[in-house]
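Following: one structure in C-alpha cells, then a few remarks.
The values are calculated or read from the model by the stated rules, or taken from the named source; none is laboratory data. The structure displayed is predicted, hence computed values, not measured ones. As a convention, Cβ positions derive from the backbone with ideal geometry for all residues, glycine included, and neighbour counts pool all protein chains shown. The area values use the complete protein model at the heavy-atom level, side chains included, leaving out ligands, DNA and RNA. Shrake-Rupley method; radii C 1.70, N 1.55, O 1.52, S 1.80 Å.
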Amino acid sequence: MTHPSAPAPALPDDRSTASADDRSAVTGRRRIAFAVHSGPGTLPAVATLLRSLALTNPGVCEDFVVLHPGLPDASFDALRRLHPRLVTRRADSRLDVLRLEGYDTVVALSPTSVVLGDLGELLRMRHGVGAVPQVLPDGEGGERRAVRTDGLLVVQRADVDDTVVARLDGGSEAGSVLGGVLQPLDARYDFPARRLYDDMPVPAEVAVLRFPGPSDEPGHAPAAGARRRFEQDDEEFRAAYCALPGTGHPELLAHLAPPLLQARPSLGLARTVAEVYRGQGRYDEAVDVLAPVVGDRLDAPRCQETLGVCLMALSRYEEAEARLLLAAASPDTAPRAFAQLARLAWLCGRDTDAHAYARAGLEADPTDAGCHDWYLRTRTEDQRREPGAEHGPVREREPVAAGEQLAHVALFAEGRENAGDKVLPEAVRLCFGTDTGPRAWYRQPVHRLVDEAALDELNARRGVIVGGGGLFLPDTSPNANSHWQWNIPDRVLARLTVPLAVFAVGYNVFDGQLYRRSRFAESLRTLVERSEFFGLRNHGSIERVRELLPAGLRDRVRYQPCPTTVARHLVPGWTDPVVRDDTVLVNCAYDRAGLRFGHDYGGFLAHMATALRGLRDRTGVRYAAHMPADERFVHDLRREHGISLPVEQLYDMTNDGVRDLFRRSRLVIGMRGHAGMIPFGCGTPVLSLVSHPKLAYFLSDIGREEWGLSVHDRDLGARLLERATAVLDDHPAAVAEVLDAQKLLWETTRSNLDDLRETFGPI
C-alpha cells in the first residue's frame, strides 16, 4: 500500500513535480503525522494552528491530517495553500486519531490550539500515549485526574488497541485510563488559555496553548494576543516564514516561497527558492527562478555560484563555467567557486584546467578542502612523482594493446574518500582476472562526460564493464544526460560498438527521497537495450528497476551480487583466519542524515550507547570509519554519553588492509552497505544498522533478515546487544552461517561469468 504522505508519481512532462521513493516498510523509517478533527466551524482555527506550527517549528514538515465528518474537498483549499503535506480523511470522531492507519506516531492537537514553542520532544517520543493529565471535577464536589480526549495526545500506534480506545472514550481517571501505556507530559504541551484569567501573561515555557472556548473572552487579552499573531493572510504568512532566521524545511520553503517570489521579487528570496529546488533535484526550475534575477551581476556571487552549480547539474557546462567565474571574482565565494570550476573542468576531461582552477582556489584560501582534493586528483603523473608527493599507480609492465583491454566505468575513489568505494572497483575487476591494474584495464571515471574522445577510447577496447555500486542514484554527481551516475548521453551510448555489461549495480535511492524519474527511465531503457549483460546487485534493485522498464525489457534484468560479498573466492591467495582478534567493529554513516534518522537520531545514539556498554564488558569494540565524516558518531557518543572508542581509519588503508581488518574481526556492526558486504565477503559475521533499503535488500537476498535492525527500532539497544552477544557466544556457528550464505552468491557469480565469457571472450 502506498504511504499516504507519498506524493503522486511525476508525469513525464511535469516539470514541477518530483516523486518520492518511499520504502519505509523496508527500513522501518518512522511515519509521523500531526492530526486534528474539524468540522466546518473550526476550519479557520485549523488554518491558524497550521501557521503557528510552521512559524514556531520551521524545520518540521510532517503530514498534517485533517479528520472531518464529510466536508467537500474544496473546503480544504485554504489549508492546502498553507502546507504541502495536507491529508484529509473522513472520520466520525476525534478519537479516530487513535486508529489512524499508515502512521507510527500521531501528534493529535485540538483545532483551537496554537503552537508557541518547540515540539521536538513530542516527535522524539517512542512509547505509549503521551498526554497531560488534567484535574477535572468528579461530579461530587471533588476532583479527579483524567486525560482529556480533546487535548493534546502523542499516540504510538503500536501501543494502542481497542481497550485503550474504549477507556479513553469513557474518560477514565488518568491513573487507570491507559495503565502502563500513559506517558505523562508536562503541562506546557497542553496549556488551557482559561487559566490565564485577569489578563495574566502567557508563561514563556508554554509550547501549546489550547482555547477551550472563544479566544476573545474578557480577561484573556495576552492569550488572545498570542493567538492573534498567527491570524495572517496567505502573503503575510509566507513572508513571515521565509524571513525566519536559519533554514526552514525544504518542502515548506518550496511550497510557500514561490508565490511570495512572484508577488515580491528579490534576489535573496530567489536564491532561497533556487537552493531548495537544487536540494530537491529540480535544477531546471532553480535556473528559471534565479537566472532572470541575477543576470550578470558581480555583486551577487553566492547567487552566481548557485546558478553555476545548477547549470552544471543540467549538463550546460559552458554556461555553468561562466557563472562560476563570476562567483570566483568575489573573495567570499572564490574558494568554493574554484572547487566547482575544477570539478566542472574534470567532468569535461580538461585535467589541466581543473588543476589550474584548484590551484587558484588554494591561492584564495590555502585551507580549502575541496580545492585541495581537486589539486591532488588532477596532478599529472610527473607531478605525482615529484619528491614528497604521493606516488601514483605503480606500473610494473606496459599496458597491453587497447583492443585487448577491458574498459571499466566506475566510481574510483581517491585520497581520503569512502573506503568501500575503493575496495569495490577492484573487486569487480577481480571477477574478470587477477590482473586488476592499468595493464589490463582502461579506467573511465563514471562521472566524467562521455564525449567523442571518450567514446573513441571506449570503442577501442574489447568491451566495457559498468559497475558496481549504487550508481542508479540521481544526486551524487547529477547530470541531465542520463539522470544517473554514468554521464553519457543516449545518442553517444547508441554509438558504443563494443560489448557492454552492467555489473552489480544498485538502485540506491533513500526512503522518501524526492527525485524525477522520467529522464532516468528513458536512459535506463536505452541502457538495457544496449547491454549484453545487465546485472543488479540485489533483488530489491531488480524490482525497482523493472518498475521503470517496458514489459519487453524486464526479463533482461538479472541478479549479480556485489563482488565484495564473495571476496574469499576472488582475492588471490586468500586464507581464512585460524585465530581472530577479540574485536567488534562498529560503523555508522552520516551522508543524508535527515533521510537516515529523521527525528530519531538522539534515540539512536542512546540505544547505541546501551549496546556498546554491554559489548565492552566482554570484548574490545573499535570504530571503523569508512570516511572522515563517519567519525561524527565517535564525537557525538563521547559528548552525549561519555563513551570513547578507538578509531580505525579505513579511508587511509589499502584494500588489502581493509579486508584484513574485517577478516580478523569477530563481528562487524555497520550502517554502510559495504560495512556489511565487505566483512561478509571476508567470512565475518555481520549485523546491519538499517537506514537505507540496500542493507535490507542484501539481507533478504541471503535469507538472513534477522541480521538487520532498523535504526528506528524502539528497542534497538537491547536487541542489538542480544544479537551481538549471541554471535560472540557461538562464534564458529555464526561464521559457518556466513560461509553457507555466501555459497549461493558465489554460484550465481560464477554462472554469470560463464555467460559473460561468451560475449567478452576469456576472462
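Given H placed on each backbone N at 1.01 Å, which residues far from Phe472 in sequence or on other chains put an amide H within less than 5 Å of it?
Here Gly506, Asn508 satisfy the definition.
Just order 161-168, 569-576 by mean Cβ neighbour count inside 10 Å, highest at the front, would you?
Descending packing order for the listed peptides: 161-168, 569-576.
Would you kindly find the accessible area of Met200, with a 1.4 Å probe and non-protein molecules such as ligands, DNA and RNA excluded, rounding to the nearest 10 Å²?
80 Å²
May I ask you to order 268-281, 600-613 by the average number of other C-beta atoms within 10 Å around their residues, highest value first?
Highest to lowest by the protection proxy: 268-281, 600-613.
Which residue, Leu116, Thr610, Val129, has the largest displacement toward the positive end of the dipole of the chain when charges sit on each Cβ (Lys, Arg +1; Asp, Glu -1)?
Thr610
With every protein chain kept in place and ligands, DNA and RNA left out, what is the accessible area per residue of segment 495-564? Probe 1.4 Å, answer in Å².
Result: 32 Å² per residue.
For the charge dipole of the chain, defined by +1 on Lys and Arg C-beta atoms and -1 on Asp and Glu C-beta atoms about the Cα centroid, which residue among Gly415, Ala494, Leu430 has the Cα displaced farthest towards the positive pole?
Value: Leu430.
Trp707 accessible area, nearest 10 Å², 1.4 Å probe?
Near enough 30 Å² of accessible area.
Rounded to the nearest percent, how much of the accessible area of segment 84-140 (1.4 Å probe, protein heavy atoms only) is carbon and sulfur?
Answer for segment 84-140 is 43 percent, counting heavy atoms of protein chains only.
What is the set of long-range amide H partners of Phe534 at a cut-off below 5 Å, with H atoms built 1.01 Å from backbone N?
Val502, Arg558
Amide H to amide H, which residues 5 or more places from Asn587 or on other chains are under 5 Å from it, using H placed in the peptide plane?
Ala624, Ile669, Gly670, Met671
Note down the magnitude of the dipole of segment 42-161 about its Cα centre, charges +1 on Lys and Arg C-beta and -1 on Asp and Glu C-beta and zero elsewhere, to the nearest 20 debye.
That gives segment 42-161 a dipole magnitude of about 300 debye.
Report, for the chain, the % of DSSP beta bridges that are antiparallel, rounded to 5.
Percentage antiparallel, nearest 5: 25.
Summarise the accessible area of segment 555-621 (1.4 Å probe, protein heavy atoms) by the percent that is carbon and sulfur.
Percent of accessible area from carbon and sulfur atoms in segment 555-621: 49.
Find the relative contact order for the chain and round it to a whole percent, using C-alpha pairs within less than 8 Å whose residues are 6+ positions apart.
10 percent
Helix-derived [θ] at 222 nm for the chain: sum -39500 (n - 2.57) over DSSP H runs of at least 4, divide by residue count, nearest 500?
-12000 deg cm²/dmol
Stretch Arg622-Leu267 to full length: gain in nm at 0.36 nm per residue minus the Cα-Cα span?
Full-extension gain reported as 122.9 nm.
Given Cβ point charges of +1 (Lys, Arg) and -1 (Asp, Glu) and nothing else, what value in debye, to the nearest 20, does the dipole of the chain about its Cα centre take?
700 debye
With θ taken as phi - 60° and the coefficients 6.51, -1.76 and 1.60, list the Karplus ³J(HN,Hα) couplings across segment 273-278 in order, rounded to whole Hz; mark glycine and proline as x.
So the J values, rounded to whole Hz, are 5, 5, 5, 5, 4, 4.
Show me, for segment 319-329, the HN-Hα J-couplings you get by feeding each phi into the Karplus relation (A = 6.51, B = -1.76, C = 1.60, θ = phi - 60°), rounded to Hz, glycine and proline as x.
Taking θ as phi minus 60°, the curve returns 5, 4, 5, 4, 5, 5, 5, 5, 5, 5, 6 Hz for segment 319-329.
So what is the accessible area of segment 401-486 per residue, in Å², with the probe set to 1.4 Å?
That works out to 30 Å² for each residue.
Heavy atoms only, probe 1.4 Å: what % of the accessible area of segment 247-330 goes to carbon and sulfur, would you let me know?
Answer for segment 247-330 is 51 percent, counting heavy atoms of protein chains only.
Send over a whole-number figure in Å² for the accessible area per residue of segment 606-697, probe 1.4 Å.
On a per-residue basis, segment 606-697 sits at 31 Å².
How much of Leu116 can a 1.4 Å solvent probe reach, expressed as accessible area in Å² and rounded to 10?
Looks like 40 Å² after rounding.
Residue-wise, which Karplus ³J(HN,Hα) couplings in Hz belong to segment 542-550, taking 6.51 cos²θ - 1.76 cosθ + 1.60, θ = phi - 60°, and x for glycine or proline?
4, 5, 5, 6, 4, 4, 9, 9, x
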